[in-house]
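**Student:** Encoded as structure tokens, here's the structure I'll be asking about.
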Amino acid sequence: MGDLFADSAANRLGSQAPLPQRLRPWTLDEFVGQSDLVGEHSALRRAIAEDRVGSMIFFGPPGTGKTTLARIVAHTTQAYFVELSAVQVGIGDVRKVTAEAQERLGSVGQKTILFLDEIHRFNKAQQDALLPSVESGLITLIGATTENPYFEVNSALLSRCQLFELVPLTSEELAGIVRRGEAELKVELADDVRGLVVQAAGGDARNALNILEAAVAAAGGDTVAESHVAEAAQKRPLLYDKQGDRHYDATSAFIKSMRGSDTDAAIYYLAVMIAGGEDPKFIARRMIVFASEDVGNADPQALQVAVAAARAVEFVGLPEARINLAQAVAYLARAPKSNASYRAIQRALDDVNQRGALRPPKPIRDASYRGAAKLGHGVGYLYPHDYPGAEVEQQYLPDELVGTEYYVPGDREPPPRSSVGETSPRIPPDGSIPPEPGRS
């Protein structure tokens with residue numbers, strides 16, 4: 001913890017500071033991107049300009065301007081600004097900031113803004129220590145996180161903060177930032193080379209400037225070429241968390257792309273999960289569920305394909321199993337779709353949960369024990385295999401549910417084998433002899 005303005009002054013004066021630090025905006029007019037958030041007529045922009053900022057949390061990918069926005073608040077407002085990293089501090093530091101904020105408010109009437117970077121790293125106890133001061137207004141909290149705050153921040157603290165999501169910068173916005181970097185470094189890139197820097201940055205302004213600075217250094221005074229950008233970019237770190245927001249977003253997009261029969265999108269999200277280190281068994285399990293939930297009897301072969309892919313994962317493993325998974329994903333995405341099985345079991349479970357387990361009709365109850373016939377169990381049961389086509393009309397559902405339909409075939413499903421309905425037991429018109437009572 002230190003004096004933000006002393007630190008920032010040192011950074012701005014230091015010619016050896018990294019390019020992203022030297023070009024960090026200090027006013028909203030210099031800030032690039034997030035036009036919906038801090039555009040000319042936005043509520044947040046007016047709140048910052050008028051020094052009436054409330055507690056808030058910025059969340060989004062790296063390099064989208066979370067820390068920069070917080071420092072612009074510090075530069076613009078008259079509040080005392082304290083910057084902490086949740087990685088480096090604990091409850092003691094929070095209590096110290098709170099005590100100093102109370103003394104400052106009482107002595108000079110100045111409010112305190114606490115910027116807490118990586119707020120998702122604070123555990124529940126640490127977040128709870130902040131709550132009273134935020135609730136009373138003694139401290140205005142500005143949190144920043146790359147994680148979804150609904151997963152990582154206590155609901156009590158969330159309810160007292162406004163949430164603002166920052167999104168990756170567009171190619172046009174990144175190109176403008178790269179041009180500013182070129183001016184600072186006194187170089188000029190060809191349009192195609194600049195385009196490579198933008199593409200490699202992946203929506204991250206900090207990354208774009210770091211790549212630019214490294215590429216210029218690699219060129220050693222010569223014209224920056226594509227090879228220099230490739231050398232500077234190397235492999236971009238993949239933003240993927242197997243237990244957090246991106247895991248759930250990628251999984252959701254994967255399933256919905258297959259459901260929407262977009263093969264290319266489904267395979268892309270498969271690649272995202274594989275490259276992010278997702279457990280291939282998890283992917284295979286989701287595909288098995290999908291095969292019944294979304295394809296169902298419109299193509300019963302889909303379940304076999306999904307199960308085969310899961311077995312291939314166990315036998316082969318990655319990286320080769322990625323091919324088996326891709327084959328199965330393509331099959332599932334292109335298959336006809338029916339969610340009739342899913343809807344049927346949901347309807348049936350709703351009835352069971354609401355009405356309990358209703359007793360089956362007596363003819364189809366267990367008749368394998370002594371005395372069952374005296375209770376009427378199994379009496380009148382018609383054994384389907386004793387009838388032509390192994391079909392016979394009789395009641396199977398409980399009396400209270402006669403006529404209920406759970407399974408309604410989709411348009412792409414083959415027609416049912418017969419139209420046998422739920423009716424009372426009767427002797428078929430062909431005079432076939434029914435099975436003896438008690439047979440089950």
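The values are calculated or read from the model by the stated rules, or taken from the named source; none is laboratory data. Computed from a prediction, not measured in an experiment: that's the story for all the values here. Positions of Cβ are backbone-derived with ideal geometry, glycine not excepted, and every protein chain shown enters the neighbour counts.
**Student:** I'd like to check something: does the stretch 77-90 contain any residue that is acidic (Asp, Glu) and at pLDDT 90 or above?
**Tutor:** Kept after step one, since they are acidic (Asp, Glu), are these residues of the stretch 77-90: 83.
Add one more test, that the residue is at pLDDT 90 or above, and what stays is none.
No.
**Student:** Ok, one more. Is it the case that some residue within the stretch 339-351 is farther than 19 Å from TYR406 by Cα and either among the aliphatic types (A, V, I, L, M) or assigned to a helix (DSSP H, G or I) (or both)?
**Tutor:** First, pick out the residues of the stretch 339-351 that are farther than 19 Å from TYR406 by Cα: none.
The answer is no, given that none of the residues of the stretch 339-351 is farther than 19 Å from TYR406 by Cα and either among the aliphatic types (A, V, I, L, M) or assigned to a helix (DSSP H, G or I) (or both).
**Student:** May I pose another question? Hey, among ARG365, ARG359, which residue is basic (Lys, Arg) and either in contact (Cβ under 8 Å) with a residue 40 or more places away in the chain or surrounded by 14 or more Cβ atoms within 10 Å (Cβ to Cβ) (or both)?
**Tutor:** Working: ARG359 fails: either in contact (Cβ under 8 Å) with a residue 40 or more places away in the chain or surrounded by 14 or more Cβ atoms within 10 Å (Cβ to Cβ) (or both).
Residue meeting the stated conditions: ARG365.
**Student:** What number of residues within the stretch 368-394 are touching a residue at least 40 places away in the same chain (Cβ under 8 Å) and in a helix (DSSP H, G or I)?
**Tutor:** Total satisfying the criteria: 3.
**Student:** I'd like to know if the stretch 141-150 contains one or more residues that are part of a helix (DSSP H, G or I), in contact with a helix residue (DSSP H, G or I) (Cβ under 9 Å, 6 or more places away or on another chain) and in the same structural domain as THR98 (by TED's automatic domain parsing). If you could, list the steps in order and put the result at the bottom.
**Tutor:** Applying the first criterion (part of a helix (DSSP H, G or I)) to the stretch 141-150 yields 149-150.
From what's left, in contact with a helix residue (DSSP H, G or I) (Cβ under 9 Å, 6 or more places away or on another chain): 149-150.
Adding the requirement that they be in the same structural domain as THR98 (by TED's automatic domain parsing) leaves 149-150.
Yes.
**Student:** Look at the stretch 399-419 and say how many of its residues are part of a loop (DSSP other than H, G, I, E, B) and either within 22 Å of PRO363 (Cα to Cα) or at pLDDT 75 or above (or both). If you could, list the steps in order and put the result at the bottom.
**Tutor:** Just the residues of the stretch 399-419 that are part of a loop (DSSP other than H, G, I, E, B), to begin with: 402-419.
Subsequent filtering for residues that are either within 22 Å of PRO363 (Cα to Cα) or at pLDDT 75 or above (or both) retains 402-411, 413, 418-419.
Final tally of qualifying residues: 13.
**Student:** Count, please, the residues in the stretch 268-277 that happen to be surrounded by 18 or more Cβ atoms within 10 Å (Cβ to Cβ) and either over 14 Å from ALA326 (Cβ atoms) or among the aromatic types (Phe, Trp, Tyr) (or both).
**Tutor:** Residues in the stretch 268-277 being surrounded by 18 or more Cβ atoms within 10 Å (Cβ to Cβ) and either over 14 Å from ALA326 (Cβ atoms) or among the aromatic types (Phe, Trp, Tyr) (or both): 1 in total.
**Student:** Hey, another quick one. Take the conditions crowded, with 19+ Cβ neighbours inside 10 Å, in contact with a helix residue (DSSP H, G or I) (Cβ under 9 Å, 6 or more places away or on another chain) and modelled with pLDDT under 95 and apply them to TYR240. Does it pass? Can you show your working first?
**Tutor:** Details: crowded, with 19+ Cβ neighbours inside 10 Å: no; in contact with a helix residue (DSSP H, G or I) (Cβ under 9 Å, 6 or more places away or on another chain): yes; modelled with pLDDT under 95: yes.
When the stated conditions are applied, TYR240 does not pass them.
**Student:** I've got another one for you. Pull out all pairs, ordered by first then second residue, where Cβ-Cβ is under 7 Å, the residues are six or more apart or on different chains, the first lies in the stretch 111-130 and is on the phi > 0 side of the Ramachandran plot, and the second is among the polar types (S, T, N, Q).
**Tutor:** Taking only residues 6 or more apart or on different chains, the pairs are GLU118/SER85; GLU118/THR145.
**Student:** In addition: Only one residue in PHE151, PHE122 is crowded, with 20+ Cβ neighbours inside 10 Å and either among the acidic types (Asp, Glu) or at pLDDT below 85 (or both). Which one? Write out each step before concluding.
**Tutor:** Details: PHE151 fails: crowded, with 20+ Cβ neighbours inside 10 Å.
Of the residues listed, the single one that is crowded, with 20+ Cβ neighbours inside 10 Å and either among the acidic types (Asp, Glu) or at pLDDT below 85 (or both) is PHE122.
**Student:** Can you go through PRO336, PRO300 and tell me which one is without any contact (Cβ under 8 Å) to a residue 12 or more places away in the chain, surrounded by fewer than 16 Cβ atoms within 10 Å (Cβ to Cβ) and under 16 Å from ARG412 (Cβ atoms)? Show your work before the answer.
**Tutor:** Working: PRO336 fails: without any contact (Cβ under 8 Å) to a residue 12 or more places away in the chain.
Only one candidate qualifies: PRO300.
**Student:** May I ask you to list the residues in the stretch 309-321 that are surrounded by fewer than 15 Cβ atoms within 10 Å (Cβ to Cβ) and either of a type in the set (Gly, Ala, Ser) or touching a Gly at 6+ places or on another chain (Cβ under 7 Å) (or both)?
**Tutor:** Across the stretch 309-321, the qualifying residue is only GLY317.
**Student:** When the residues of the stretch 311-338 are narrowed to those that are small (Gly, Ala, Ser), in a helix (DSSP H, G or I) and modelled with pLDDT under 95, which ends up farthest from SER257 (Cα to Cα)? Even if it seems obvious, please write down each step before you answer.
**Tutor:** Step one: list which residues in the stretch 311-338 are small (Gly, Ala, Ser), which gives 312, 317, 321, 326, 328, 330, 333, 335, 338.
Still in the list and also in a helix (DSSP H, G or I): 312, 321, 326, 328, 330, 333.
Adding the requirement that they be modelled with pLDDT under 95 leaves 312, 321.
Values: ALA312: 23, ALA321: 21 Å.
So the residue we want is ALA312.
**Student:** Looking only at the stretch 157-170, decide whether some residue is buried (at least 18 other Cβ atoms within 10 Å of the Cβ) and part of a helix (DSSP H, G or I).
**Tutor:** yes
**Student:** In contact with a helix residue (DSSP H, G or I) (Cβ under 8 Å, 6 or more places away or on another chain), among the aliphatic types (A, V, I, L, M) and either under 29 Å from VAL167 (Cα atoms) or outside the structural domain of GLU152 (by TED's automatic domain parsing) (or both): is that true of ALA266 in this structure?
**Tutor:** Details: in contact with a helix residue (DSSP H, G or I) (Cβ under 8 Å, 6 or more places away or on another chain): yes; among the aliphatic types (A, V, I, L, M): yes; either under 29 Å from VAL167 (Cα atoms) or outside the structural domain of GLU152 (by TED's automatic domain parsing) (or both): yes.
Yes, satisfied.
**Student:** Still on this structure, I have one more. Counting only residues that are acidic (Asp, Glu) and at pLDDT below 85, which one in the stretch 26-59 is surrounded by the most Cβ atoms within 10 Å (Cβ to Cβ)?
**Tutor:** ASP51
**Student:** Of the residues THR67, THR76, which is more than 22 Å from GLU152 (Cβ to Cβ), hydroxyl-bearing (Ser, Thr, Tyr) and surrounded by fewer than 20 Cβ atoms within 10 Å (Cβ to Cβ)?
**Tutor:** Working: THR67 fails: more than 22 Å from GLU152 (Cβ to Cβ).
Result of the check over THR67, THR76: THR76.
**Student:** Can you go through VAL295, VAL224, VAL305, VAL313 and tell me which one is in contact (Cβ under 8 Å) with a residue 24 or more places away in the chain and in the same structural domain as VAL187 (by TED's automatic domain parsing)?
**Tutor:** Among VAL295, VAL224, VAL305, VAL313, only VAL224 is in contact (Cβ under 8 Å) with a residue 24 or more places away in the chain and in the same structural domain as VAL187 (by TED's automatic domain parsing).
**Student:** Starting from the stretch 207-221, keep only residues that are under 15 Å from ILE177 (Cβ atoms), then list their pairs with residues that are modelled with pLDDT of 90 or more and hydroxyl-bearing (Ser, Thr, Tyr) whose Cβ atoms are within a distance under 9 Å, requiring at least 6 positions of separation or different chains.
**Tutor:** From residues that are under 15 Å from ILE177 (Cβ atoms), there are no pairs.
**Student:** Kindly establish whether PHE115 is in contact with an Asp or Glu (Cβ under 7 Å, 6 or more places away or on another chain) and assigned to a helix (DSSP H, G or I).
**Tutor:** Values: in contact with an Asp or Glu (Cβ under 7 Å, 6 or more places away or on another chain): yes; assigned to a helix (DSSP H, G or I): no.
No; evaluated as a whole, the condition is false for this residue.
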